[in-house]
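Note sheet for the following structure.
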Amino acid sequence: MEGDVADAWQARVQTIRGAMGVCHLLIEPDRSGAVLLDTGLVGEPWFIRRAVRKLGLQPGQVRAILLTHGHLDHAGNLAWAKAWSRAPIYAHPAEQAHIDGTYPYCGVNRWCGRLERAGRTLLGVGAAAKIDVPLADGDELPWWGGLRVVHLPGHTLGHCGFYSARHGVLFSGDLFASYFFNVHLPPPILNSAPELIPASLQKAREIGARFIVPQHYDVLDGALHRCRFEALLARRERARSAG
Ligand SMILES: [Zn+2]
Ligand SMILES: [Zn+2]
């Protein structure tokens, strides 16, 4: 039964695996379109085009572009994706500065800014895209049987997940990364507001999602990532009580 439920929604997710992370196409119930969740690292439009084609869809059938946050490995193809599909971009307004490459990184987070600047130069990042629809915590979006915006700040100030109550799936962005050899929070240099991360971890846990899908992972298995997320939280709790 568990397997059937998992298969039901996983069959409606097309993964787009890039050099650094995984973007997703969430396929509408009648397969008349899809929404694109994150756009990958610069230079990967070919992967997105191929995935859309594989679903038998035209670029114009991408209904919206949802952005978890504005780091380069998520927003790298944002301007291209918008021009190609003409779909509006949905993201938290705090992410515009990341998309534009103007976020005022400070402290240890300055290294993230340096890495992004180097990446932008190296990869020849062109014009930035404007967020069309600003998102806020609790917003309900109409796609995929309904998606709720879950603001999970810390990694960036506008970092958001998307929760499908219908399928019990939380798309958790960069809240944590989930590989069989390493389940971890993003490294400190990548986090703009680390003091907000514990509350966001707790908030994600309290949603009670049966399945979790991050953006950096090995296999599309929402039950596995949810188990790993719980194990990560338990490990943090043990470390805290030991320390
Ligand atoms: Zn990130
Ligand atoms: Zn990332």
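Taken together, the values in this text are just the output of simple stated rules run on the coordinates, not laboratory data. Given the structure is predicted, the values throughout are model-derived calculations rather than measurements. Here Cβ is always computed from backbone atoms with ideal geometry, including for glycine, and neighbour counts include all displayed protein chains.
ASP218: net charge of surrounding residues, Cβ under 11 Å, Lys/Arg +1, Asp/Glu -1, itself excluded? With Lys, Arg at +1 and Asp, Glu at -1, the neighbours total +1.
Comparing Cα centroids, the range 78-94 and the range 134-198 end up 18 angstrom apart. Extending 7 Å from the Cα toward the beta-carbon at both LEU122 and TYR179 defines two label points whose distance is 1.6 nm.
Peptides 107-114, 38-45 ranked from most to least packed by the mean count of surrounding Cβ atoms within 10 Å: 38-45, 107-114. The residues packed around ARG236, meaning those with a beta-carbon under 14 Å from its beta-carbon, carry a net charge of +3 if Lys and Arg are +1 and Asp and Glu are -1. Listed by chain and number, the aspartates and glutamates placed with their C-alpha closer than 18 angstrom to that of LYS82 are ASP38, GLU44, ASP73, GLU95, ASP100, ASP132; residues fewer than eight positions away on the same chain are left out. Applied to the range 43-54, the Karplus parametrisation 6.51 cos²θ - 1.76 cosθ + 1.60 on θ = phi - 60° returns per-residue 3J(HN,Hα) values of x, 10, x, 4, 5, 5, 4, 5, 5, 5, 4, 4 Hz, with x for Gly and Pro. Which residues among the range 210-224 fall inside the zone where the amide N is under 13 Å from a point 7 Å beyond the Cα of LYS54, along Cα→Cβ? Under cut-off, by backbone N: 220.
Couplings for the range 20-32, taken from phi via the Karplus curve 6.51 cos²θ - 1.76 cosθ + 1.60 with θ = phi - 60°, read 10, x, 10, 9, 9, 9, 9, 8, 5, x, 8, 6, 8 Hz in order; Gly and Pro are left as x.
Diagonalising the gyration tensor over the Cα atoms of the range 97-243 and scaling each eigenvalue by 5 before taking the square root yields semi-axes of 26, 21, 15 Å, largest first.
Taking the Cβ of TRP46 as the center, what net charge do the other residues with Cβ under 15 Å away carry, scoring Lys and Arg +1 and Asp and Glu -1? Don't skip to the end; give the middle numbers.
Values: positive: ARG17, ARG49, ARG50, ARG53, LYS54; negative: GLU44.
Summing Lys and Arg as +1 and Asp and Glu as -1 gives +4.
Quickly estimate the mean residue ellipticity at 222 nm for the chain, helices only: each DSSP H run with n ≥ 4 gives -39500 (n - 2.57), and the total goes over all residues, rounded to 500. List each step's numbers first, then the result.
On the way: 8 runs with 82 residues, N = 243.
Taking each H run of at least 4 residues, the total per residue is -10000 deg cm²/dmol.
With θ taken as phi - 60° and the Karplus curve 6.51 cos²θ - 1.76 cosθ + 1.60 applied, the whole-hertz 3J(HN,Hα) list for the range 199-215 is 5, 5, 4, 5, 4, 5, 5, 5, 4, x, 4, 6, 9, 10, 10, x, 10 Hz, x standing for glycine and proline.
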